[in-house]
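Peer 1: My structure is below; once you've seen it, I'll send some questions.
What follows draws every value from the coordinates through simple rules; no lab data is involved. Being a predicted model, the structure only gives us computed values, none of them experimental. Cβ placement follows ideal geometry from the backbone for every residue including glycine, while neighbour counts extend to all protein chains displayed.
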Amino acid sequence: MKDCLPFHVRRKGQKVGPVIGILVSNKQNKFYGNIPLFNRIQRKLFELGGFSVCFPIDQLLRGNLSGYCYIPSTNHWISINDLVPDAFYNRLLRDDEHKLKLLSEMYTTPFFNRQFFDKWELYSVLSQDNLLEKHLPKTLLLTDSNFNEYLNTYSSFYVKERESSKGAGIFLVEKERENIIIQTVEKKFVFYNVKEAWDFLKKHTNDCIIQETIPSQRWHGNKFDLRLFVHFIDGNYEISGTGVRVSHGQQITTHVPNGGMVGTLNELPITIDSPLLQALMNNCGKLLTKKISFVGEFSADIGITPTGHYYIYELNSKPMDFDEPIIKQKGTENLIHTFYNFTSFPWRNHKTFVENKKRNNQKNSILIKEIVKVKTNRLP
């Protein structure tokens, strides 16, 4: 009994689960990631007969199929060995993304959200769709000639690093009489000719896109945009929640880590076109899965012009936690549903499973508590 950890599981033929392997970055004997999210995933999976294990990427690359399993009833993590998951849910940090190629050569386990999105690749793929193309800001790669073209065409535009996220790596370029103003979230720089501005960007950026500025609806004088949380559910991409982010103190980004604020839908001066947003997100998900690899979840930054036209600013394949509790909860539930779809475990009987589990829950929780005392010798 000391080597066992009993809990309720669901069977599919000769398999139990699903077992979701969460790929995490690690350093020495610690792993990194969104621990509150991992805990929520485990709680929900336990309710439905599955479970998750966090696998440090470097251990897997050494052929070591050991990881860490969170036990909600005791709020402990335990080590677990020699467990082959049904799917890998990629939550690696960007610096470890290059290790996935080698990992995929070592293991046949399918990947869920294989990579971060590249802004130029995103635009190149999404612009192939007739509906989506009308909702994308004009975007080019940053070159000397494209920089000059945008200066002659637009009064302002953005320069964005292709692999940046969370509002980082963004420069707003504006023309002001004979001068060129380049702003970041924190600073403003004034240049008196095109060469000076171009030399500045070459020095401070690497591998960027250049994108037209879209005039934005205002809320109390500040620009705002929508944050959509999207999941693959039964063959389509559904919006799990819609948040509002408002710029504050600067007009470059609405991301909260860079000074943005959280708003609510009922405070906005307009009514959101939910059917259009749903159609846009469904097309995005299906096209990205077809052209790149399976995308099970993503978030989207959506802007709305004063005339009511919607624009897709960015998509993120590894969404941050939403601040809104209801979106966080619904997002976790739909993510678990996506896991079941992706691993082909039946979802339709989950309510019956939960009811059957509740009848025997007390006995199993006591067994777990007894065994966790033995197994908590290695905490991540």
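Peer 1: Counting other beta carbons within 10 Å of each residue's own, what order do 220, 231 fall into, fewest first?
Peer 2: On the way: 220 9, 231 27.
With the sparsest Cβ surroundings first, the list reads 220, 231.
Peer 1: Using a cut-off of under 19 Å, list every residue of segment 322-343 whose amide N is near the label point 7 Å from the Cα of residue 15 along the Cα-to-beta-carbon line.
Peer 2: Label zone hits: 335-343.
Peer 1: Checking the a/c ratio against 1.5 first, then a/b against b/c, what shape does the Cα gyration tensor give for segment 81-230?
Peer 2: Numbers: a/c = 2.34, a/b = 1.94, b/c = 1.21.
Prolate.
Peer 1: Which of the pairs 138/160; 119/160; 223/330; 160/187; 175/195 have their Cα atoms more than 19 Å apart in this structure?
Peer 2: Working: 138/160 13 Å; 119/160 8 Å; 223/330 27 Å; 160/187 16 Å; 175/195 14 Å.
Too far apart for the 19 Å limit: 223/330.
Peer 1: Among 71, 80, which comes first, second and so on when ranked by fewest other beta-carbon atoms within 10 Å? Before the final figure, lay out the partial values.
Peer 2: Values: 71 21, 80 17.
Starting with the residue having the fewest Cβ neighbours, the order is 80, 71.
Peer 1: What does the extension gain come out to for residue 286 and residue 265, with contour length at 0.36 nm per residue minus their alpha carbon separation? Walk me through the numbers before you get to the answer.
Peer 2: Working: separation 21, 0.36 × 21 = 7.56 nm, distance 2.67 nm.
Extending this stretch completely gives an extra 4.9 nm.
Peer 1: Got a sec? How would 301, 225, 129 order by Cβ neighbour count within 10 Å, fewest to most?
Peer 2: Values: 301 19, 225 27, 129 16.
Going from least to most buried by this count: 129, 301, 225.
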